[in-house]
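The values are calculated or read from the model by the stated rules, or taken from the named source; none is laboratory data. For clarity, every value in this text was computed on a predicted model and none was experimentally measured. Note: ideal-geometry Cβ built from the backbone for every residue, glycine included; neighbour counts use all protein chains shown.
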Amino acid sequence: MAFEYVNGGDLFPPNQSDEFRSGLITKSRCHYASIHRFCLSALFNYALATVYVFRAMLQLNVIIVGGGVGGLVAALCCARNGYTVRVLEQTEGEDLGAGIQLSPNCTRVLHTLGLASELENQACVPEAVEIRDWQSGHLIASKSLGTSIQRVTGYPYYHMGRRDLMRILRDKVNENPLIEMYWNTRAEGFEQRAGKVLVTSGKKELVGDVLLGADGIHSTIKDKLFGDGGRRFTGHAAWRATVPMQELPSGLVSPVAALWWGPKKHFVHYPIKSGELMNCVGVVEKNGWEEESWVTHGESGELRQDFTGWHKDIETLIDRVDSSDCYKWALYDRDPLSSWSVGQVTLLGDACHPTLPFLAQGAAMAIEDAAVIARCLQDATSIESALKYYETLRIARTARIQAGSRRNGRVFHMSGIVAKMRNLVTSATMADSFDWIYEYDPMSVN
């Protein structure tokens, strides 16, 4: 059948009367108007529902298990979104005085939370990281930090005491009316029911919209989500001590992070606590000693024996270590998880990606996680989709950090001709090898 256009575009069969055509045009236009009104109504209802969902997301009640660095930063980031937050920490909150390195990828988060002045008052800003030979002291490679890295990333690199960082975070948490801390409170279990998460601790039961497990490598939340196991001893034992800077010769008082590579062991030292203390860490390959506790005291004589024959600077540092401030612990590792979330529960930090200390990124990864979780919750239309998107943004990066840290544990301890080749490669590539870590922005990544 042929058709023809009339009235500037209406399509009709030919040979129809004007009355027929006029009536059909009127009916058609009424039908189109009805469809138009229906579509507008549907769009309005969808927009209204979306507003209600976002309003609900803005009023989230967040429960965090674990009051370490990652847990407290997550609390502050969530409170910054306007969420109410409750944090359960099984200890009284005191931390040991170990050193911690905070690179620009995490200091941008801490500065965004308003902690810049507090950090600057307690931290040291290293001028560089230097890698040296264990015996000769020869400089193998170095990377500028200080003003140069701040110029590139916009944020500083800090060395500071973990205890000082925790004190700053706790003070900020205590000032925030949206955050409530539960010290000496162990999360014993949880269940998800009717769109809520119920966390139990003794006779106490907390109800929230989302649960974040920030409870470390021995995570109760991780074990209940994905089962126990997977941890393994790496064959490394770590020594940790601090030495008053005033007890050291002037040649050792330098604003750098010094990393000494040697056969089957390495040694790191850098200033903390506004330059008052030198933080020292020695790592040795040692089987048969697998105690993981950070509070186990070691004998300074055994530490000295482990590094006998090393450069005089290392021997000088160790000679000034007091056994009362000397600790020893075994290093454990775990392969990356393929998923961190189930429903309205997820993990962050060492609970999902325990990281060996050989890239100095353990705390930084937990801080990045905290910032990204808060962003995902703020931007999503459901908690489940937010947590899945959080995984999408974080799993590959943290797995790469885990793998790099594990690899460095082998690279640092090479010997012979392999070590000489390593030194040449490191000298040529050191300047740019950390850019992918330090230039990451957890506040805007998508």
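Among all positions in the stretch 102-116, there is no residue which is farther than 24 Å from residue 155 by Cα, assigned by TED's automatic domain parsing to the domain that holds residue 255 and surrounded by fewer than 17 Cβ atoms within 10 Å (Cβ to Cβ).
Residue count for the stretch 257-296, restricted to those that are buried (at least 19 other Cβ atoms within 10 Å of the Cβ), more than 23 Å from residue 410 (Cα to Cα) and in contact (Cβ under 8 Å) with a residue 60 or more places away in the chain: 4.
Report yes if some residue within the stretch 326-342 is more than 26 Å from the chain's Cα centre (by Cα) and under 22 Å from residue 100 (Cβ atoms); otherwise report no. For the stretch 326-342, residues more than 26 Å from the chain's Cα centre (by Cα) and under 22 Å from residue 100 (Cβ atoms): present. In the stretch 146-169, the residues that are farther than 14 Å from residue 435 by Cα reach residues that are charged (D, E, K, R) and not in a helix (DSSP H, G or I) with C-beta atoms within less than 7 angstrom, at least six apart or across chains, in these pairs: 146/127; 162/95; 163/95; 166/95.
Give 401, 367, 417 a once-over and let me know the one that is among the aliphatic types (A, V, I, L, M) and farther than 23 Å from residue 281 by Cβ.
One residue alone meets the criteria, 417.
Residue 353 meets the conditions (1) part of a helix (DSSP H, G or I); (2) crowded, with 18+ Cβ neighbours inside 10 Å in every case but one. The failed one is (1). Can you pull out the residues in the stretch 405-446 that are among the basic types (Lys, Arg) and in contact with an Asp or Glu (Cβ under 8 Å, 6 or more places away or on another chain)? If the condition is that a residue be among the basic types (Lys, Arg) and in contact with an Asp or Glu (Cβ under 8 Å, 6 or more places away or on another chain), then 406 is the only one that fits.
Out of the stretch 383-408, which residues are touching a helix residue (DSSP H, G or I) at 6+ places or on another chain (Cβ under 8 Å), closer than 16 Å to residue 445 by Cβ and of a type in the set (S, T, N, Q)? Of everything in the stretch 383-408, just one residue is touching a helix residue (DSSP H, G or I) at 6+ places or on another chain (Cβ under 8 Å), closer than 16 Å to residue 445 by Cβ and of a type in the set (S, T, N, Q), namely 398.
Report whether or not residue 127 is without any contact (Cβ under 8 Å) to a residue 60 or more places away in the chain and touching a helix residue (DSSP H, G or I) at 6+ places or on another chain (Cβ under 6 Å). Explain how you work it out, then say what you get.
Values: without any contact (Cβ under 8 Å) to a residue 60 or more places away in the chain: no; touching a helix residue (DSSP H, G or I) at 6+ places or on another chain (Cβ under 6 Å): yes.
When the stated conditions are applied, residue 127 does not pass them.
Among the residues of the stretch 126-137, those that are buried (at least 19 other Cβ atoms within 10 Å of the Cβ) and part of a loop (DSSP other than H, G, I, E, B) comprise 126, 134. In the stretch 428-446, the residues that are over 16 Å from residue 156 (Cα atoms) reach residues that are aromatic (Phe, Trp, Tyr) and surrounded by 15 or more Cβ atoms within 10 Å (Cβ to Cβ) with C-beta atoms within less than 9 angstrom, at least six apart or across chains, in these pairs: 446/389.
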